[in-house]
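A.B. asks: So that we are looking at the same thing, I have put the structure below in structure tokens.
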Amino acid sequence: MKDATRATHVGRRPFENHGAVNPPVYHASTILSPTVAAMRANEKIEPGDATTYGVHGTPGTFAFEESVAALEGGFRTRLCSTGLIACTVPLLCYLSTGDHLLLVDSVYGPTRRFCDGLLKRMGIETTYYDPLIGGAIRDLIRPETKVVFTESPGSLTFEVQDIPAIAEEAHRFGCIVMMDNTWASPLYFKPFEHGVDVSIQAVTKYIGGHSDLVMGAVTTTGAAYPALREGWKQMGLNGSPDDVFLAMRGLRSLAVRLPQHWRNGLVLAEWLAGRAEVAEVVHPALPGDPGHSLWQRDFLGASSLFGFVLEPAFSSEAHLSALLDGLELYGMGASWGGYESLLIPRNPPRSVVRWPRPGRAEGQLMRIHVGLEDTDDLIADLDAGFARMRRI
Ligand SMILES: Cc1ncc(COP(=O)(O)O)c(C=O)c1O
């Protein structure tokens, strides 16, 4: 079955639900047992395997977990209330005091904050590594290293990681490989075919797709699942039924929306690359980008989140205001993956590899998320913004 078919059919059981096309939404905390025998039988069920307690899930949330697992190509998925929790909880599940974590330097900022904060307080040491490290990750692995955390491409600087090479080395030393796979969504990178053990989706982004929900999903291999299940159960995580309903609605059209995001993103990237105000476009799907060959080898497509660098002459606060304040079609805000376009300046935090890397352009980094608008309109709006910026 192809992904577009899977996305429209997975998780549906109409004839268990009066023929309704979509899984039902249950608002439930208490789940009753009709008899003592049934109650005893329920007590033997592993939380999350059937509807036995509201926190652990209901048919609608199970259907969504099944759908994400099928698209990611993993064994099981568990939901939690934000994408950030989907990053932090697996770290808690696979690491203990005294362990060592290898964390990619281009990682999503709040994941970095968690590792430098709570994990450190718990006696778990983090070493940052260059996203372009590839198989040389082996030189950083110590006897106490338990997890290698990847995110590819990073959501600010878009370096593509050699996940298969990293996974091969990590596995030789018995480490778990985690990946924040939000940029590509489950459609454009298949983490488990490339050696990942635990894949993270901020459902908030492309799966939700409409900027109206926050949710996270963690998917694992069969071998990695028991540790996640225990942590998920012990911490009482869940996905709220109404948000799951919206996320499922988003997932059904993901295979139609994402190619349009990809196309629109490339149109804007190519237009930006030709502009005098732009020193460099940072988009792995553009030929000539340093990550392009790895992206071509491992990815099935590109989403529409990428960067561009303004020429240093246009990097003052006044230039940014002139460009951004008058835009009609681009919002200034974090998060991304919705149907609408966004544009913000960003200064990526780094620990071991400064940004810009050697060979990459100096200047203010802008992060653009290209939505589903007509690209002629998006270009006209940016063109007017650049004209305002030049007048400063
Ligand atoms: C790459 C990446 N992962 C995870 C998250 C966290 O998602 P959420 O906003 O749902 O916590 C974000 C949010 O911006 C992100 O960009």
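The values are calculated or read from the model by the stated rules, or taken from the named source; none is laboratory data. Just so we're clear, the structure is a prediction, and the values are computed from it rather than from any experiment. Neighbour counts are summed over all protein chains in view; Cβ atoms, including those assigned to glycine, are modelled from backbone coordinates with ideal geometry. Areas reflect the complete protein model, heavy atoms only, side chains present, ligands, DNA and RNA absent. Shrake-Rupley method; radii C 1.70, N 1.55, O 1.52, S 1.80 Å.
A.B. asks: List nothing, just return the count: lysine pairs in the chain, 8 or more apart or interchain, with Cα separation under 23 Å.
C.D. replies: Close lysine pairs found across the chain: 7.
A.B. asks: Using a probe of 1.4 angstrom, how much of the accessible area of the chain is carbon and sulfur, in percent?
C.D. replies: On the chain, the fraction of accessible area on carbon and sulfur atoms equals 55 percent.
A.B. asks: Right, another one. Would you calculate the separation in nanometres between label points at Tyr339 and Arg249, each defined as 7 Å from the Cα along the Cα-to-beta-carbon direction?
C.D. replies: Spacing of the two 7 Å Cα→Cβ label points: 1.0 nm.
A.B. asks: For the chain, what is the Kirkwood hydrodynamic radius in Å, using each pair of distinct C-alpha atoms?
C.D. replies: It works out to 21.9 Å.
A.B. asks: Same structure, new question: Placing +1 at every Lys and Arg Cβ and -1 at every Asp and Glu Cβ, with all other atoms neutral, what dipole size does the chain have around its Cα centre, in debye to the nearest 20?
C.D. replies: Using only the charged Cβ atoms, the result is roughly 740 debye.
A.B. asks: Longest span of the chain, sites excluded, free of trypsin sites (Lys or Arg not before Pro) in DSSP loop with at most 12 other C-beta atoms within 10 Å?
C.D. replies: 45-353
A.B. asks: Could I ask something else about it? Roughly how many Å² is the accessible area per residue of the chain, as a whole number, for a 1.4 Å probe?
C.D. replies: Ligands and nucleic acids excluded, the figure is 41 Å² per residue.
A.B. asks: What percent antiparallel are the DSSP beta bridges of the chain, to the nearest 5?
C.D. replies: 55
A.B. asks: With springs only between Cα atoms under 10 Å, which of Ala184, Ala361, Ala285 fluctuates most in a Gaussian network model of the chain?
C.D. replies: Ala361
A.B. asks: Select from Ala318, Gly333, Ala302 the residue farthest towards the positive end of the dipole of the range 263-349; place +1 on Cβ of Lys and Arg, -1 on Cβ of Asp and Glu, and compute about the Cα centre.
C.D. replies: It is Ala302, whose Cα lies furthest towards the positive end.
A.B. asks: With a cap of 14 neighbouring Cβ atoms within 10 Å, and only residues DSSP puts in a loop, list the GluC sites (Glu not before Pro) found in the range 260-358.
C.D. replies: Those satisfying the criteria are Glu328.
A.B. asks: In addition: Under unit Cβ charges (Lys, Arg +1; Asp, Glu -1), what dipole magnitude, rounded to 20 debye, does the range 260-355 have relative to its Cα centre?
C.D. replies: 360
A.B. asks: If you find the alpha carbon centre of the range 23-57 and of the range 168-239, how far apart are they in angstrom?
C.D. replies: The range 23-57 and the range 168-239 have Cα centres spaced 25 Å from each other.
A.B. asks: Same structure, new question: Could you give log10 I(q)/I(0) at q = 0.18, 0.21 Å⁻¹ for the range 91-197, computed by the Debye formula over C-alpha point scatterers of equal weight, without solvent?
C.D. replies: Debye intensities relative to I(0), on a log10 scale: -0.82, -1.12.
A.B. asks: Give the span of the range 263-359's Cα atoms along each principal axis, as three whole-Å numbers ordered largest to smallest.
C.D. replies: Answer, in whole Å and largest first: 40, 33, 28 Å.
A.B. asks: Angle between the Cα long axis of helix 59-72 and the longest principal axis of the chain, 0 to 90 degrees, nearest 10?
C.D. replies: 50
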